[in-house]
Amino acid sequence: MIRVSHDTFKLAQVFTIARGSRTEAHVLSVTLEREGVTGRGECVPYARYGESLDSVTAQIESLPQGISRAELQEALPAGAARNAVDCALWDWEAKKKGVPVWELAGLDKPVSQTTAYTLSLDEPEKMRAAAAEHAHRPLLKIKLGTPEDMPRLRAVREGAPESKIIVDANEGWEIETFLDIQAELKKLGVALVEQPLPAAGDEALSDIQRLVPICADESCHTRDGLTDLRGKYDVINIKLDKTGGLTEALRLRDLARAEGFGVMVGCMVGSSLAMAPAMLVAQGADYVDLDGPLLLAEDRDVPLRYKGSVVEPPEPELWG
């Protein structure tokens with residue numbers, strides 16, 4: 001039996017990006033029960049990709065009860081619905097066979113990873129204060145994509161002079177804006193810029209000299225689109241809600257590495273259940289951004305363990 005439920009987790013504070021603000025994380029949890037064994041998965045429907053809680057629920061409820069992982073890849077497109085069910089099927093198979101998912105997938109045993117910590121978009125002074133509070137973290141990520149970005153970035157650098165910084169523009173810039181600020185991004189020590197231009201207009205990136213490495217987020221979902229990213233991006237951001245689950249995420253990671261792309265593993269704002277399978281993809285990644293639970297005021301009963309910015313692999317009671 002495949003069951004889906006809507007769960008809500010309060011955020012520790014208001015979280016703002018260029019597209020809006022939120023105070024809660026709304027997720028869909030999938031529970032798959034067969035032969036007395038239960039597997040679980042989680043997804044976060046994203047309006048940017050035409051998803052809603054209702055539409056993704058309908059996709060999941062349309063599936064045959066006995067669907068296999070291989071059949072699932074054809075039954076649903078890449079996206080949140082397929083992700084939650086794919087991860088639940090991996091979890092179910094691992095618990096049914098009594099072996100961890102990493103072993104089923106032919107992977108090395110996972111180890112802890114150092115994650116970025118995301119600072120919410122705010123006024124420069126508040127972002128400086130937030131950066132200072134988290135200046136002990138080795139990697140900070142800031143959400144930009146507004147007309148007042150550079151004062152915010154300078155404030156964060158002042159607040160956290162030693163941290164590496166990832167800038168995520170969330171498709172918020174035009175090519176002229178990016179060209180105007182690129183030299184200052186480099187001067188301020190920005191390590192990576194995520195999705196500076198709208199995905200539909202990122203062809204402009206192929207004609208420029210990139211002073212700072214550029215990462216594809218909204219422009220990269222599955223292996224099918226990887227060829228189109230050559231010459232425009234240096235790194236791809238793999239999120240299970242985009243790939244449609246762990247199965248495709250692992251395949252995308254391996255192909256991206258073979259084709260010379262750097263790899264970042266990211267997440268939506270979700271609970272530890274969503275981060276757990278992504279931990280397998282994050283092994284050996286150039287950048288890890290699995291800080292969703294750090295932004296929450298509440299989490300799953302058996303959450304991932306974070307020590308500062310270091311996150312441990314999941315316990316079997318959570319997933320895998």
Note to self: Residues to consider are Leu32, Leu28; find the one that is open to solvent by less than 20 Å² (accessible area, probe 1.4 Å), touching a Pro at 6+ places or on another chain (Cβ under 7 Å) and over 19 Å from Val265 (Cα atoms).
What the structure shows: Leu28
Check: Restricting the search to the stretch 161-184, which residues are more than 19 Å from Leu205 (Cα to Cα) and more than 23 Å from the chain's Cα centre (by Cα)?
Finding: Pro161, Glu162
Check: When you go through (1) without any contact (Cβ under 8 Å) to a residue 40 or more places away in the chain; (2) over 25 Å from Pro303 (Cα atoms); (3) open to solvent by less than 50 Å² (accessible area, probe 1.4 Å) one by one for Gly50, which number turns out not to apply?
Finding: (3)
Next item on the list: Scan the stretch 192-213 for residues that are surrounded by 19 or more Cβ atoms within 10 Å (Cβ to Cβ) and over 16 Å from the mean Cα position of the chain (by Cα) and jot them down.
Entry: Pro196, Leu197, Asp202, Leu205, Val212
Next item on the list: Please go through the stretch 217-257 and pick out each residue that is of a type in the set (Val, Ile, Thr), out of contact with any strand residue (DSSP E or B) (no Cβ under 8 Å at 6 or more places or on another chain) and under 17 Å from Ala105 (Cβ atoms).
Entry: Thr243, Thr247
Item checked: Selected residue (criterion: surrounded by the most Cβ atoms within 10 Å (Cβ to Cβ)) from residues of the stretch 262-312 that are of a type in the set (Ser, Thr, Tyr) and farther than 19 Å from Asp86 by Cα -> Tyr287
Margin query: Suppose the filter is touching a Gly at 6+ places or on another chain (Cβ under 8 Å), modelled with pLDDT of 95 or more and closer than 30 Å to Pro316 by Cα; does Leu104 pass it?
Written below: no
Note to self: Quick check on Glu42: is it open to solvent by 40 Å² or more (accessible area, probe 1.4 Å) and not in a loop (DSSP other than H, G, I, E, B)?
What the structure shows: no
Next item on the list: Test Gly225 against the stated conditions and say whether it is at pLDDT below 95, among the small types (Gly, Ala, Ser) and surrounded by fewer than 20 Cβ atoms within 10 Å (Cβ to Cβ).
Entry: yes
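The values are calculated or read from the model by the stated rules, or taken from the named source; none is laboratory data. Just so you know, these numbers come straight off a predicted model, no measurement behind them. Methodologically, a virtual Cβ is constructed for each residue, glycine included, from the backbone with ideal geometry; neighbour enumeration extends over all protein chains shown. The area values use the complete protein model at the heavy-atom level, side chains included, leaving out ligands, DNA and RNA. Shrake-Rupley method; radii C 1.70, N 1.55, O 1.52, S 1.80 Å.
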